[in-house]
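What follows is a short report on a single structure.
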2 protein chains.
Amino acid sequence: MATLHIGNVKTEEMSGDPGLLTRDQLVLAGCAAERALWFARDGDVVVLPAAPGEAFVEHVTRTTGVRAASLRIVVPPAGRAGAPVLTADRLADERLHAELRAALDGRAPDRVQAYYPDAAVVALAGALGAAHAVPGHAFLAQGGAAAANSKALFRAVAAGIGIPVAPGETAAGPAAAAAAVARHFAAGHPVILKRELQSAGEGNEIVSPHAGVAPLGAERVTVLDAAAVRAHLEERWPWLTDGGRGRLVVERYLPGVRPVYAEYLVTGAGVEHTGEGELLMAPVLDGVVVPVPDLAPDARAELLRLTRRLCEAYRAIGYRGTMSVDGLVTPGGDVLLNETNSRLSGATHLHDVIARAAGPGRTLLDRGGWAVPSFAAAARRLAATGRAFDPSTRTGTLLTCDFTRLDGTVGYCVVAAGIDAVRHEEAEVRGLFAPAARS
Amino acid sequence: MATLHIGNVKTEEMSGDPGLLTRDQLVLAGCAAERALWFARDGDVVVLPAAPGEAFVEHVTRTTGVRAASLRIVVPPAGRAGAPVLTADRLADERLHAELRAALDGRAPDRVQAYYPDAAVVALAGALGAAHAVPGHAFLAQGGAAAANSKALFRAVAAGIGIPVAPGETAAGPAAAAAAVARHFAAGHPVILKRELQSAGEGNEIVSPHAGVAPLGAERVTVLDAAAVRAHLEERWPWLTDGGRGRLVVERYLPGVRPVYAEYLVTGAGVEHTGEGELLMAPVLDGVVVPVPDLAPDARAELLRLTRRLCEAYRAIGYRGTMSVDGLVTPGGDVLLNETNSRLSGATHLHDVIARAAGPGRTLLDRGGWAVPSFAAAARRLAATGRAFDPSTRTGTLLTCDFTRLDGTVGYCVVAAGIDAVRHEEAEVRGLFAPAARS
């Protein structure tokens, strides 16, 4: 009864040519891939781009109650983008298949859970005699993940089933995109351009006819003269479309909205809600709060109604697996949907594992960027100061991701009773290794 | 109560850059666009790429009982591909909008029926204050037609809902496509490569590891050494993907299958079957027979069951309008589905107009390529020889399309009791202008 976990964050299909990503983006993705360990149970096999740190494995398994020695962590040889991420060529490597067969003692896995369930995942499962162990494998083997993650198809499906989205359109070429931007600019609106496939806001760009727009969901705002729009789009087109592939989403940029999401597990039996939260953007994805603090009950009900309806539509065409559907709450309390992530999200480990340990009445804040001497030192310090997560009080801080090899930071999840307590505790935790001058 | 008909056959979205099509392909599409006249009722407005011949308008309207003088046929100024087809720039032309407002006496059309319902059609309807008159306009305005016509998405959806398709996959780049072809070649199978968007087999290419494969659904078969596959795909990639856009379908080519289709109208209320037929390929689409001659009842039931199920899936994501779903009947009587055409088809005028006049117990064969002195001469000759369609006997021949400006031929539909009578009558009709040496 082993599950095969595959930490393929930022595959080519999900994020485009790895050659267009920075080394830091790739290493960050590789670290995020290690969240797969949160889902592992005794005897599972985990494919990761690089060997995780021992302290991280120990922290996760101690929290989840898994015998670390029972896990098999398999790292395939480096591929076309090197070692930071699990590109398709690494999943296809015969040497990986042989290692997995050995790790599985020749048995086929009962279940395959990949971060991004593309055709390469189904092919790997097939090589192990277990294509059927990937939920929705027939859909996914035909490139279904690209469709189910497409921000362009999302707009058509949402509009088609009557779900409100930001005013906008999709464009197949720079001329059509420029005409669309011009229409928004003429009405005085900034515009967010979204690559059909990417993640965490890294495929987005905001363009504005005027200064003073704060970016949210993209790295920066480019102020453009109306006359310069066409040339800008021509120049940016390869980046905006991953080398000319796919359609570009052109949407009115809505300032002042609050980004939220609801997450589901889509199965043959139906659509199961697993949780929802707020996306913290600074200006791109920086963290998650579960549940959304102070969300009006009407807005929450609308968010859940619309996101479930969207999941039902994708379920009707054959998608199976996790769907994390992003929405926006306007200052007036209206809910729009924004995109769908038909893969594990940066919050799936919260909903499927940590929120269950935290139980009712708890707020979770998961964020990165805590600079620490080492992962082990951070874990020790939490324990020594009584700030580590304690199952008996169901409060405290867990270390959810190990970014130390990227930039000496860790990701953490603070669990407390309500957002104020969470924010207070977060500040305390982030002060644990404060510079001497501040202590 | 006017309907606006738009004869936009082979738009950029449907068929790729018109610069990659031959002049003959474009003119052929422009002639086929005139089939829109078959759907016109008194007072309707028809947008066509070029002015249709008077004899054709007279023949169609006399058959449909429409007052020709009540129709307004509007031809917009030439566009980026010239005058043969209705490219998006022609539909966006303000001069067209002004002419349409005049033709509609300032009223918005009650219904808009386009051959290919892309965002340019919705924008045109919107300019006339009637976006809502396009069925499924919200889905289509967001590029939904590209999704609903995608041969790549079709494979994912069909597989996802358990519909049998030819063994194969979709590929995002030449390396993946070459690997897929190599797998089929290694098993001794030829392969059909299909552009994500195109029509009438014009985006398909068959490659085979051995000679002796008869092409069906593509212009020709290219015999390739296994070692030459990668180079061939690299070289052909721009054509196979319309300049790098979209995914390529790579399928085992199945010799000896019979191409069929079933057609539906997908509405908010449900999925309505409008007919089915056989696709005559020589080697690309050459004609249609309605209904499929001698189709085993089990195979017909399976064709209708599978195609309806597919339509329901696209309905669930918001598509509305005509869907013509292609299938294949194997020599053993099994049914596979092949692609979906979410637009009017080359048979919609048969199902929605001519089959109703023909009534029960009739077989229809619609084909092009009858060389005639002129459209009017062909109509006169049919009448003079008693071979014109006669509503009282519900037999005889109609002229369904005017290709005379392309190559001096017309399209015709023979109506008779059964396929043998139809084929006999077709031979008689095609002999009406036989060369003197044969008479």
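The values are calculated or read from the model by the stated rules, or taken from the named source; none is laboratory data. Being a predicted model, the structure only gives us computed values, none of them experimental. We place every Cβ from the backbone using ideal geometry, glycine too, and count neighbours over all the protein chains shown. For accessibility, only protein heavy atoms count, side chains too; no ligands or nucleic acids. Shrake-Rupley method; radii C 1.70, N 1.55, O 1.52, S 1.80 Å.
Miscellaneous remarks
- Solvent-accessible area buried by A and B, counting both chains, probe 1.4 angstrom, square angstrom: 2000 Å²
- For the pair A:Arg95 and A:Ala211 in one chain, pulling the backbone fully straight at 0.36 nm per residue adds 36.4 nm over the alpha carbon distance.
- Each Lys and Arg contributes +1 and each Asp and Glu -1, all at the Cβ; summed about the Cα centre of segment A:167-252, the dipole is approximately 140 debye.
- Euclidean distance between Cα centres, segment A:128-205 to segment B:94-172, Å: 17 Å
- Short-range pairs are left out: with C-alpha atoms under 8 Å and at least six residues apart, the relative contact order of chain A is 14 percent.
- Across segment A:353-386, no residue has a backbone nitrogen under 15 Å from the label position 7 Å along the beta-carbon direction of A:Ala427.
- Charge tally for A:Val353 (other residues, Cβ to Cβ under 12 Å; Lys, Arg +1; Asp, Glu -1): +1.
- Taking packing as the residue-averaged number of other Cβ atoms within 10 angstrom, the listed peptides B:3-16, B:55-68, A:121-134 run from highest to lowest as B:3-16, A:121-134, B:55-68.
- Zone residues, segment A:236-272, relative to A:Glu312, backbone N less than 14 Å from point 7 Å out along Cα-to-Cβ: A:270-272
- Charge context of B:Gly65, other residues only, Cβ under 14 angstrom, K/R +1, D/E -1: +1
- By accessible area, using a 1.4 Å probe on protein heavy atoms only, segment A:167-252 has 57% of its surface on carbon and sulfur.
- Value of [θ]222 nm, deg cm²/dmol, for chain B, DSSP H segments ≥ 4, -39500 (n - 2.57) each, nearest 500: -9500 deg cm²/dmol
- Phi-based couplings in Hz for segment A:158-174 (Karplus 6.51, -1.76, 1.60; Gly and Pro marked x): 4, 4, x, 10, x, 9, x, 10, 4, x, x, 7, 10, 10, 8, x, x
- Across segment A:3-149, the mean sequence separation of Cα contacts (distance under 8 Å, 6 or more residues apart), normalised by length, yields a relative contact order of 27 percent.
- Teacher prompt: A:Asp294 distances to equivalent labels in other copies, 7 Å Cα→Cβ, nm: 7.7
- Label-zone membership for segment B:189-231, site B:Arg252, 7 angstrom Cα→C-beta point, backbone N under 14 Å: B:189-192
- Whole-angstrom gap from segment B:366-381 to segment B:274-288, using each part's C-alpha centre: 20 Å
- With label points defined 7 Å past Cα in the direction of Cβ, position A:Gly19 shows copy-to-copy spacings of 2.4 nm, given to one decimal and shortest first.
- Among the residues of A:238-247, the average count of other protein chain beta-carbon atoms within 10 Å of the residue beta-carbon is 3.
- Label-point spacing at A:Asp110 relative to the other copies reads 6.2 nm, in ascending order, each point sitting 7 Å out from Cα along Cα→Cβ.
- J(HN,Hα) series, segment B:304-319, from Karplus relation 6.51 cos²θ - 1.76 cosθ + 1.60, nearest Hz, glycine and proline x: 5, 5, 5, 5, 5, 4, 5, 4, 4, 5, 5, 4, 5, 9, x, 5
- Peptide A:315-321 is shielded by partner chain Cβ atoms: per residue, an average of 5 of them sit within 10 Å of its Cβ.
- Rel. contact order, % - alpha carbon contacts under 8 angstrom, at least six apart, segment B:202-305: 21 percent
- Shielding of B:32-44 by partner chains, average beta-carbon count, 10 Å: 0
- Scanning residues 5 or more positions from B:Leu399 or on other chains, those with amide H under 5 Å from its amide H are B:Cys413, with H placed 1.01 Å from N in the peptide plane.
- Lysines with Cα under 20 Å of B:Lys194, excluding same-chain neighbours fewer than 8 positions away: B:Lys10, B:Lys151
- Mean Cβ count within 10 Å, highest first, over the residues of peptides A:163-176, A:217-230: A:163-176, A:217-230
- For B:Thr222, the amide hydrogen comes within under 5 Å of the amide hydrogens of B:Ile206, B:Val207, B:Ser208, counting only partners 5 or more places away or on other chains and with H modelled in the peptide plane.
- Surface analysis of segment B:1-66 yields an accessible area of 34 Å² per residue, using protein heavy atoms and a 1.4 Å probe.
- Residue-wise HN-Hα couplings along segment A:42-56, as the Karplus relation 6.51 cos²θ - 1.76 cosθ + 1.60 with θ = phi - 60° gives them from phi, are 3, x, 6, 10, 10, 9, 10, x, 8, 5, x, x, 4, 5, 5 Hz; Gly and Pro carry x.
- Förster radius 56 Å - calculated FRET efficiency between A:Arg111 and B:Ala383 (Cβ-Cβ, nearest 0.05): 0.20
- Order by protection proxy (mean Cβ within 10 Å, highest first), peptides B:379-387, A:90-98, B:406-414: B:406-414, A:90-98, B:379-387
- Distance from segment B:397-425 to segment B:34-81 (C-alpha centre basis), Å: 20 Å
- Computed magnitude of the charge dipole of segment A:359-439 (debye, nearest 20; Cβ of K, R +1, Cβ of D, E -1): 120 debye
- Lys/Arg +1, Asp/Glu -1 at C-beta; segment A:167-252 dipole; positive extreme among A:Ala179, A:Ala214, A:Ser199: A:Ala179
- A:Arg67/A:Arg394 FRET efficiency (R0 22 Å; Cβ-Cβ; nearest 0.05): 0.40
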